Amino acid sequence: MTIDPLAEAYLKCHDVVREIIKSQTGRYPKRYKRLEVRKLDKFFRNIQYKTQNIATFGAQTMSDLVVNHSLPNANHRTTILFMALFFESLDIRFPGYDTKANRVRWIRECNEYITKSKRILYSRGHDPSYGKKHLELTKSWLKDVVGGQSKSSGMMSRKSLTTLRKSSTSWEVSSVIVKKR
């Protein structure tokens, strides 16, 4: 089965995150559901980009990936790594500050986002607006993380999405700076 290059890049990010967790804990993260490659591929093949600037597109994509939950584990960390590669491929610093000097801050901010996100996701059974709330959380978080970088206000287009798909095949997926709690 041939899958969308962005879905393939996302799965590579997941593999990297799993390996990092194994190196930190001595074992892979526990699977609590099956991997849904077709669902993930369908998401990326049908991704909406029209009338969205890059920051909005990034927030929508990030929120949808977390809410759709196609992976058996490590959805948040995988999605954060994927979005880092996405923004960096568009010459947008993610985060917008030096992570070497601010590593503790970055880990704290990621963990805070993950905690708040999970709180919203746990409400899905009784809160019909959980998806909207999750998107708002993600928009706010990305605004803080990406900051006011001018390139993030540029518009997404079919050309930029095609370029993104092509460039994703050469992304260096080698690390993630989000600790498992």
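Test each condition in (1) in a helix (DSSP H, G or I); (2) free of Cβ contacts under 8 Å to residues at least 40 places away in the same chain; (3) over 20 Å from residue 120 (Cα atoms) for residue 57 and report the one that comes out false. Against the list (1) in a helix (DSSP H, G or I); (2) free of Cβ contacts under 8 Å to residues at least 40 places away in the same chain; (3) over 20 Å from residue 120 (Cα atoms), residue 57 comes up short only on (2). Looking only at residues of region 1-38 that are assigned to a helix (DSSP H, G or I) and of a type in the set (Gly, Ala, Ser), we find that the one that is surrounded by the fewest Cβ atoms within 10 Å (Cβ to Cβ) is 23.
Based on this model, can you work out whether residue 92 counts as among the β-branched types (Val, Ile, Thr), more than 18 Å from residue 139 (Cα to Cα) and more than 12 Å from the chain's Cα centre (by Cα)? So residue 92 fails the test.
Residue-level check: of (1) under 16 Å from the mean Cα position of the chain (by Cα); (2) in a helix (DSSP H, G or I); (3) over 14 Å from residue 152 (Cα atoms), residue 42 misses just (1). Assess whether residue 80 counts as being in contact (Cβ under 8 Å) with a residue 60 or more places away in the chain, closer than 15 Å to residue 137 by Cβ and part of a helix (DSSP H, G or I). Yes: the conditions hold for residue 80. When the residues of region 45-69 are filtered to those that are touching a helix residue (DSSP H, G or I) at 6+ places or on another chain (Cβ under 6 Å) and hydroxyl-bearing (Ser, Thr, Tyr), the one that is farthest from residue 161 (Cα to Cα) is 63. Small (Gly, Ala, Ser), farther than 20 Å from residue 93 by Cα and surrounded by 13 or more Cβ atoms within 10 Å (Cβ to Cβ), is that true of residue 123? In short, yes. Within region 121-174, which residues are modelled with pLDDT of 90 or more, assigned to a helix (DSSP H, G or I) and more than 22 Å from residue 47 (Cβ to Cβ)? Result: 122, 144.
The values are calculated or read from the model by the stated rules, or taken from the named source; none is laboratory data. Note that the structure is a prediction, hence the values are computed from the model and not measured. Here Cβ is always computed from backbone atoms with ideal geometry, including for glycine, and neighbour counts include all displayed protein chains.
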